[in-house]
Every structure is written in C-alpha cells, then in structure tokens.
1. Hey, can you rank 25-32, 55-62, 44-51, 178-185 by average C-beta count inside 10 Å, highest first?
2. Work out, step by step, the length gained on full extension between Tyr75 and Asn91: first 0.36 nm times the residue separation, then minus their alpha carbon distance; give nm to one decimal.
Amino acid sequence: MALSDTMIPNYELRDPDVRLMLDVRDGDAAAFEELVLRYQGRLMTVLEQLVQKRDVAEDLAQEVFLRVFRARKTYQPGAKFSTWLFTIANNVASNALRSLARRREVNLSPRNDREMSSDPLDQLALDASGLMPTRQVDRAERAAVVRQAIQSLGERQRLALLLSKFEGMSYAEIGETMELSAQAVKSLLSRARANLRVTLEPYMKEGAFPGPHSQGVP
C-alpha cells in the first residue's frame with residue numbers, strides 16, 4: 001500500500017521495526033538478523049495454526065523471510081512492518097494451503113503439546129465461547145479440540161482470527177494484510193467467533209468433541 005512521501009517518515013518514527021527494515025535496505029545484515037529474531041516465533045505461531053504441519057510451517061517461515069530479504073532494495077514503509085510481513089505470510093500460506101489441498105496432505109490429528117503451546121489456544125477458546133469448561137480436562141485434549149475448531153473455520157476467518165488474537169492487529173491492519181475494508185474484517189471476525197462458539201460450546205459444557213463438519217455462520 002503506497003503512501004505519499006510526507007507520510008513515510010511517520011512510520012519511521014512510530015515503528016522501530018520499520019527503521020530496522022530500512023537499515024536492511026541499506027545493507028545492514030545485523031538488522032535483518034534482528035528482525036528474524038523478533039518475528040520468527042510469531043510467524044511460526046500463525047503459520048502452524050494455518051497449515052497444521054510444523055515442518056511445513058518452518059519451511060514457510062523461511063520462505064517469508066527470504067521474500068523479505070529479496071524485497072529489501074525496493075522496500076518502502078507504507079505500513080507497519082508487521083502488517084507488511086504478515087501480508088507476505090498470508091500470500092505464502094495461501095499458496096501452500098492450495099498445494100496441500102491438492103495433494104490431500106493436511107493432517108489435522110492432535111499433536112504433542114511440546115510442538116505448540118496450548119496457552120494461547122486456551123485463551124482463544126475462552127474468548128470465543130465465553131464459557132469455562134465444566135469439567136477438568138487434559139491440556140493436550142483441550143488444545144487438540146481448539147485446534148480442530150479453528151481448522152473448521154474458513155481460511156479467511158481463520159487468518160483474521162489468528163492475526164487479531166496472536167498479533168493483536170487492528171481491523172485496519174488486518175484489512176491491509178488481507179486486502180479488505182476494516183468493516184469487512186469486523187464482520188469476518190464476528191462470524192469467526194460465532195462459528196467457534198457453535199463448535200466449542202458442546203465441548204466446554206459437556207465434554208463432547210466437535211464433529212468434523214460443525215455448522216456455523218458462513
């Protein structure tokens with residue numbers, strides 16, 4: 001998203017990561033390493049939730065950073081650095097999901113808790129359902145159920161929810177990333193939360209695992 005020259009310095013002043021990327025543009029290798037350190041974990045959280053394969057998510061994160069590095073010479077700070085980065089991540093993940101769908105390789109089975117922390121997922125379940133579990137449950141079980149519920153969402157709803165929850169992006173920032181208006185993002189998130197509630201409520205109340213094709217708001 002291009003901005004006028006008079007607006008560009010605002011991003012330089014407000015976003016230290018933009019300043020780092022400008023250093024990368026000027027040939028500072030240490031600045032690029034710093035950006036990788038700052039964003040690698042955050043990228044992995046979102047990508048792993050999107051593709052549900054840790055090894056694929058690791059490859060995609062490397063691809064995102066490779067694209068960032070290749071684009072360094074033409075970089076212009078037309079948005080927050082995180083918004084620009086996750087726009088690239090969205091494109092990379094979308095391409096990968098289409099490829100995985102064609103090859104039928106997406107595996108939605110539960111994984112070891114050590115592969116992905118369940119804490120953010122627990123909070124997402126509580127935020128979405130508005131309910132506390134009525135029984136004591138194993139963390140790995142709950143994390144698996146929440147992952148399954150997230151995967152039941154459409155790709156656009158899932159990405160918007162992850163960017164909102166894990167990245168704390170505003171409607172406008174998510175809109176920049178997904179090429180949507182802020183109002184469209186608000187509606188998308190509302191539908192995503194409604195669908196999660198429909199999927200998770202039987203589990204949170206009664207311990208019933210969500211079905212593979214839970215109905216919700218399109």
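1. On the way: 25-32: 13.8, 55-62: 17.9, 44-51: 21.8, 178-185: 15.4.
Peptide ranking by packing, descending: 44-51, 55-62, 178-185, 25-32.
2. On the way: separation 16, 0.36 × 16 = 5.76 nm, distance 1.73 nm.
Full extension from Tyr75 to Asn91 adds 4.0 nm.
Just so you know, all these numbers are worked out from the coordinates, no wet-lab data involved. What you see is a predicted model; the values in this text were computed from it and never measured. All Cβ positions, glycine included, derive from the backbone under ideal geometry; neighbour counts span all protein chains shown.
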